[in-house]
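The values are calculated or read from the model by the stated rules, or taken from the named source; none is laboratory data. Note that the structure is predicted; figures quoted are calculated from it, not measured. Reconstructed Cβ throughout: ideal geometry from the backbone, glycine too, with neighbour counts over all protein chains shown. Note: areas computed on protein heavy atoms with side chains; ligands, DNA, RNA excluded. Shrake-Rupley method; radii C 1.70, N 1.55, O 1.52, S 1.80 Å.
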Amino acid sequence: MSPPAPDDVDAPEALAAFRAEVRAWLEENCPPSLRTPATSAEEVWGGRRATFPSDDARRWLERCAARGYTAPTWPRGYGGAGLSAAQARVLEQEQRALGCRRPLVSFGVWMLGPVLLEFGSDAQKAEHLPPIARGEIRWCQGYSEPGAGSDLASLQTRAVRDGDDFVVDGAKVWTSFADKSDMMFCLVRTNPDAPKHAGISFLLIDMAAPGVSVRPITLISGSSPFCETRFDGVRVPARNLVGTLDGGWTIAKRLLEHERSVISLMRDAAPEDTETLAAMARRCLGVTADGRIADPILRDEVIAADVDFLCNRLTLQRSREAAQAGRGPGAESSMFKLYGTELSKRRKDLRVRLAGYQGLGWDGDGYTAAELQVTRDWLRSRASSIEGGTSEIQLNIIAKRVLGLPD
Amino acid sequence: MTFLLSPEQDAIQRAARVFVRDQLPVAHLRALRDAGDALGLSRERWRAAAELGWAGIAIADAHGGAGLGVVELGLILEECGRTLAPTPLLSTSLLGAGALAAAASPEAATILEAIARGERLVALAHEEQPRFAPYRVATTARRADGGVWRLDGAKVAVLDGVAADHLVVVARVTGGPGDRAGLALFLVDAGAPGLTVERRSRVDSRGCAAVTLADVRVPATRCLVGAAPGDGAPTGADVLDRLIARATAALCAEMLGGMQEAFDRTIAYLEERKQFGVPIGSFQALKHRAAHLFCELELTRSVVRAALVAVDAGAADAAILVAAAKAKASATYVDVTAEAIQLHGGIGATDDLDIGLFYKRARACELTFGDAAYHRDRFGQLQGY
Ligand SMILES: Cc1cc2nc3c(=O)[nH]c(=O)nc-3n(C[C@H](O)[C@H](O)[C@H](O)COP(=O)(O)OP(=O)(O)OC[C@H]3O[C@@H](n4cnc5c(N)ncnc54)[C@H](O)[C@@H]3O)c2cc1C
């Protein structure tokens, strides 16, 4: 008997059957209380110090993890469900159709996992992937430093080999959720004499190790999701080196591609706000006798923003279809990162202007929770085109890698 | 799958690319323009294109066509857009043939067959206003003795109107300008008494005419679609809406080809032209502008393709997608070509270089079937904004 063709599971009938199976499972297992959009406070990030907004949320994570649905495309042996890209897409569509919340929000699943699968040793995969998929270990990203942002490869945090360990000294900054994470995937300089890209290694660091300290930093939106992280003589076992010594830059760049795709896909998947822009405009601006949004200029802005949103969504879909046909994403992820975040800023900004004075509230009486959220979201959105590589850096990447323009 | 081409579609596009490169390069448009050619196209080359199946691509097989959709027509138009190829694909193969196909008469069937052979050209005489306003039709059709119709009025922006052997005239049977109800479609021969067709030379060199109708007599059998045919049959406005939706989506495909070509030529120039001892494409200010345009182009490509597919599928959201596509394509084509001139420097502002031709075509396409503002408003109206 010949082995089944690898794309058998992606045949239309097979996908239809899979869809029915997934839907039935979700109907049965997703608690009704988790079929509403989650506020940022209700997201489940997992980790040793995990908090859950409800028992249902904990149960939902456990059920999904048991089925491999927190990391659907990872191999089963590593805590995934072994799904093909097309099957994972079906799962996502069905989750969205039922309004299921994401069981787990995780840098481990989005960023570290895919590069460990590609570059990690078998021992590293076995050690780290299953706890990520189960939401037991929470990871943060130690890339940026005070002197190394866009020019990431100029980073200075040192790691020196000492017996079975590396000894790490230096500082990272803008480390999202460093104060809540158990582990960090970190870029360190292991060879100060090599050219800057050639002396970097990719190291996994336990945040509970002696010598690691974190200090939260507050954003203009008022929240403090990120930290300054210091390393003072932190000992890291040498087995936590991913890939080769001084060979970390390739892994670092691949991880950034995954990060950019996630940032853009998330924007596509998330019901970005509970009230559509059009509905908000009608509510805030009123309607004319013939049923149009009363302010013609803001109306046109709302429509233009929605046309671009539609075009962006269709482009993501086109890129997914191309990927399924075997043409990889690569540098396109820069386009989605750029366009998605710039468009998101535009839309959040528009919401505040639609809200008028009610969009200026900071806290206290006189504002609904939804109004305060609009304001905070607007301010938070300004960082989206900085984090994960600024818009200018994405434009550089597109010019160089997609358009082939000279240096 | 919405976006991937089937092998057949891919073959159609490849064949079109080769034909356009050999038979209808930009130099062909220039030659027609410089000769002051009244038709604005070459009937001889159109017959050659018809042998490839272009002329009847969207005509039913029963009438000698290929029976394909606007997706396939769009692939050809995209290639035509790359060289600004003057063809009657929009005027004849899509609009004219579409109107004739809506009529059940034996004469219409005969003309459809002649169109598919590339022998007959038909134009749609519809618009009357200085900008696109589909129902603002004042041309009247009055019933006279013997069932004969008498047409009076004036039309503008009739694409390929001078070259056409027949015109499909949109005229009002009842109501007043702006009313959707009361419109009917009539077939009129180019030489009909009372009909005047005058060439209008346009900035983009596309064949265009102004038409006046002074008591033009049309027999009852040549009313292709009535204003109120009854029995649930489509009215003139229904057919007109459908034709315009299809033509708008198809025009977007042509625009996509044009903007891609102008963009590709600009990127090539950025690599080749040196100033300050380096290629100008190494200047970050220009790189970023090029990268921005790339994103807009990619987004436009997606929405145009989605609109074409939706139109062929008769999807519920087809009208919304067409509005989005035309809004986006209008803005992007003008942006890309305007930037293309700037990034070329002095040579970009000359008639020697083709870039300016693309810019002119962008403006003309923008205004055809409604500009970006028109289609944003329509996108909003269709969805209750
Ligand atoms: C909310 C948030 C969360 C973050 N989370 C993390 C995290 O978890 N882990 C982590 O490691 N980092 C994180 N970052 C850091 C982020 O990756 C950096 O802020 C980003 O890469 C930019 O670096 P920088 O802040 O040093 O700015 P700079 O690099 O100093 O940039 C300043 C300005 O100069 C421009 N610029 C710089 N270089 C060029 C160039 N070559 N061409 C054109 N323009 C240029 C930039 O676009 C920007 O406008 C986060 C940032 C934010 C805002």
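In the stretch A:374-394, the residues that are open to solvent by 30 Å² or more (accessible area, probe 1.4 Å) form no Cβ pair under 7 Å with any partner that is in a helix (DSSP H, G or I) and near the ligand (Cβ under 7 Å from one of its atoms), whether six or more places apart or across chains. From the list B:287, B:274, exactly one residue is open to solvent by 20 Å² or more (accessible area, probe 1.4 Å), within 11 Å of chain A (Cβ to nearest Cβ) and farther than 28 Å from residue A:318 by Cβ. Which is it? On inspection, the qualifying residue turns out to be B:274.
Yes or no, residue by residue, for (1) surrounded by 15 or more Cβ atoms within 10 Å (Cβ to Cβ); (2) touching a Gly at 6+ places or on another chain (Cβ under 8 Å); (3) without any contact (Cβ under 8 Å) to a residue 24 or more places away in the chain:
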position: B:202; (1), (2), (3): yes, no, no
position: B:211; (1), (2), (3): yes, yes, no
position: B:215; (1), (2), (3): no, yes, no
position: B:220; (1), (2), (3): no, yes, no
position: B:232; (1), (2), (3): no, no, yes
position: B:241; (1), (2), (3): yes, no, no
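One residue alone among A:394, A:373, A:358 is touching a Lys or Arg at 6+ places or on another chain (Cβ under 7 Å) and either away from the ligand (no atom under 16 Å from the Cβ) or within 14 Å of another protein chain (Cβ to nearest Cβ) (or both), and that residue is A:394.
As a summary of the residue check, residue A:332 satisfies the conditions (1) open to solvent by 40 Å² or more (accessible area, probe 1.4 Å); (2) closer than 19 Å to residue B:297 by Cα; (3) within 16 Å of the ligand (Cβ to nearest atom) except for the one numbered (3).
Condition check ((1) part of a loop (DSSP other than H, G, I, E, B); (2) farther than 29 Å from residue A:183 by Cβ; (3) touching a residue at least 24 places away in the same chain (Cβ under 8 Å); (4) open to solvent by 30 Å² or more (accessible area, probe 1.4 Å)) across all residues:
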| residue | (1), (2), (3), (4) |
| --- | --- |
| A:18 | no, yes, yes, no |
| A:50 | yes, no, yes, yes |
| A:62 | no, no, no, yes |
| A:65 | no, no, yes, no |
| A:80 | yes, no, yes, no |
| A:92 | no, no, yes, yes |
| A:108 | no, no, yes, no |
| A:112 | no, no, yes, no |
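Listed by first and then second residue, the pairs with beta-carbon distance under 6 Å, at least 6 apart or on different chains, first residue in the stretch A:156-179 and of a type in the set (A, V, I, L, M), second within 13 Å of the ligand (Cβ to nearest atom) and not in a strand (DSSP E or B), are A:173/A:144; A:173/A:146.
Screening the candidates A:122, A:151 for the property of being out of contact with any Phe, Trp or Tyr (no Cβ under 9 Å at 6 or more places or on another chain), within 10 Å of the ligand (Cβ to nearest atom) and not small (Gly, Ala, Ser) yields one hit, A:151. Applying the criterion of at least 1 residues that are open to solvent by 40 Å² or more (accessible area, probe 1.4 Å) to the strands (runs of 3 or more DSSP E) found wholly in the stretch B:96-196 leaves B:140-143, B:149-159, B:183-189.
Of all positions in the stretch B:333-351, at least one carries a residue that is touching a strand residue (DSSP E or B) at 6+ places or on another chain (Cβ under 9 Å), open to solvent by 30 Å² or more (accessible area, probe 1.4 Å), assigned to a helix (DSSP H, G or I) and more than 18 Å from residue A:314 (Cα to Cα).
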